[in-house]
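Engineer: Let me begin by handing over the structure; questions about it come next.
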Amino acid sequence: MRQMRLHSNPDGSEWARTGVGMKVAILNDLPIFAGIGSGAEMSTEVMMKEGWHRGHIVVSFTNETMKDLTGFDVIVLKNITQFGDRIFRLKEPFVNWPSDYAFCKWRLFYRQGIVCQECAGLENWKQLFQNAMLNIFLSPLHRQAYEHVFPSMGENVCIPSPIEVERFKPQAGVPRQPGLVIGVNSLLPFKGINTVLSYASEHPEKHFIFVGAKADGTIRFPANSEYREFVPNTELPAMYSNAEYFVHLPETPQPFERTVAEAYLCGCKLIVNKLVGATSYDWWSAGREVVREKVGGAAIKIWEHLEGLE
């Protein structure tokens, strides 16, 4: 692996803040800073802002906008299912930073079954992860799910989703309502629509408010629940602060689930299962301030790894 073009200041001071940094391209299925997408795009925005702050040139490309990548020090592969086979022909040094399960045609419906180890096309993805300068997973659960099909992946590390934690804290003047449970994007099949609605039915003493994406078709909601469609991200801290609980019960292993961390940092008690990647970190049980430190410093940690690549 070749040495990165890292430029130091003449006096040996911290180059990243004042010198000319790295030139980094991020490939993602959806455009960044376009107001669309989900957690992957939000995480990438936080990561790119940190890169700019450190003095790097950081740009993002979709499959439609990607052209010549010559001259970039490193290519970061985020969500890349729309790039097709061209992703396997990259000549530039690259890092994998997946937000889901890129090798699986069902992506987040990946069930980590025996049949998954024999999936068609797996060899190309296996080579991609083995040839990467670094593979960055969102949680130990995320890495474990990849290891199920790629027993050997080379250099890898777990770093949580970067979150702008100053936004996510109990909101002043917002009363917490006992028995109120919030679920965000939990009504999709892989996010656990069946399990979460069953849980709501079994707990009539609580009131459930579900927001965000949901499965197609008619949904029969329990009498103690309601659906409010999409809520702007800027309104989520107040919604979290108003609730006593946050519920998330996915049916397949989820890489991180930033909404779980956001709600937790806003003071919610959690109703989750073992398929939430965020809670698979050993530091998660240490309390909110440790979680705040870890997710708040995630973008810095990613750049420390990128700057240290050789």
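Engineer: Working only within the stretch 245-261, note down all residues that are touching a helix residue (DSSP H, G or I) at 6+ places or on another chain (Cβ under 6 Å) and among the aromatic types (Phe, Trp, Tyr).
Structural biologist: Within the stretch 245-261, PHE246, PHE256 meet the criteria.
Engineer: Next up: Looking at the stretch 211-224, which of the residues that are in contact with a Lys or Arg (Cβ under 9 Å, 6 or more places away or on another chain) and modelled with pLDDT of 95 or more is farthest from ALA298 (Cα to Cα)?
Structural biologist: Result: ASN224.
Engineer: Moving on to the next point. Please identify the pairs in which a residue from the stretch 54-76 that is in the same structural domain as PRO31 (by TED's automatic domain parsing) and more than 20 Å from ILE136 (Cα to Cα) has its Cβ atom under 9 Å from the Cβ atom of a residue that is acidic (Asp, Glu) and surrounded by fewer than 15 Cβ atoms within 10 Å (Cβ to Cβ), counting only partners at least 6 apart or on another chain.
Structural biologist: That search, which allows pairs on different chains as well, returns LEU69/GLU92; THR70/GLU92; GLY71/GLU92.
Engineer: Output the number of residues of the stretch 253-296 satisfying the condition of being in a helix (DSSP H, G or I) and either aromatic (Phe, Trp, Tyr) or closer than 22 Å to MET42 by Cα (or both). Spell out how you get there, then give the answer.
Structural biologist: Here is the first cut: in the stretch 253-296, the residues in a helix (DSSP H, G or I) are 258-265, 277-280, 284-286, 288-296.
Narrowing further to those that are either aromatic (Phe, Trp, Tyr) or closer than 22 Å to MET42 by Cα (or both): 258-265, 277-280, 284, 288-296.
Here the count works out to 22.
Engineer: Another question, if that's okay. Restricting to the stretch 203-223, give me the number of residues that are within 15 Å of LEU187 (Cβ to Cβ) and either of a type in the set (Phe, Trp, Tyr) or surrounded by 13 or more Cβ atoms within 10 Å (Cβ to Cβ) (or both).
Structural biologist: Number of matching residues: 11.
Engineer: Is the stretch 38-53 home to any residue that is under 16 Å from the mean Cα position of the chain (by Cα), hydroxyl-bearing (Ser, Thr, Tyr) and modelled with pLDDT under 90?
Structural biologist: Yes, that holds for at least one residue.
Engineer: Out of the residues in the stretch 47-61 that are in contact with a helix residue (DSSP H, G or I) (Cβ under 7 Å, 6 or more places away or on another chain) and in a loop (DSSP other than H, G, I, E, B), state the one that is surrounded by the fewest Cβ atoms within 10 Å (Cβ to Cβ).
Structural biologist: Here the residue is GLY55.
Engineer: Moving to a separate point now. Quick one: in the stretch 225-254, which of the residues that are farther than 22 Å from PHE109 by Cβ and touching an Asp or Glu at 6+ places or on another chain (Cβ under 8 Å) is surrounded by the most Cβ atoms within 10 Å (Cβ to Cβ)?
Structural biologist: The qualifying residue surrounded by the most Cβ atoms within 10 Å (Cβ to Cβ) is TYR240.
The values are calculated or read from the model by the stated rules, or taken from the named source; none is laboratory data. Note that the coordinates shown come from a computational prediction; the quantities given were computed from them, not determined experimentally. Glycine also receives a Cβ, built like all others from the backbone with ideal geometry; neighbour counts cover every protein chain displayed.
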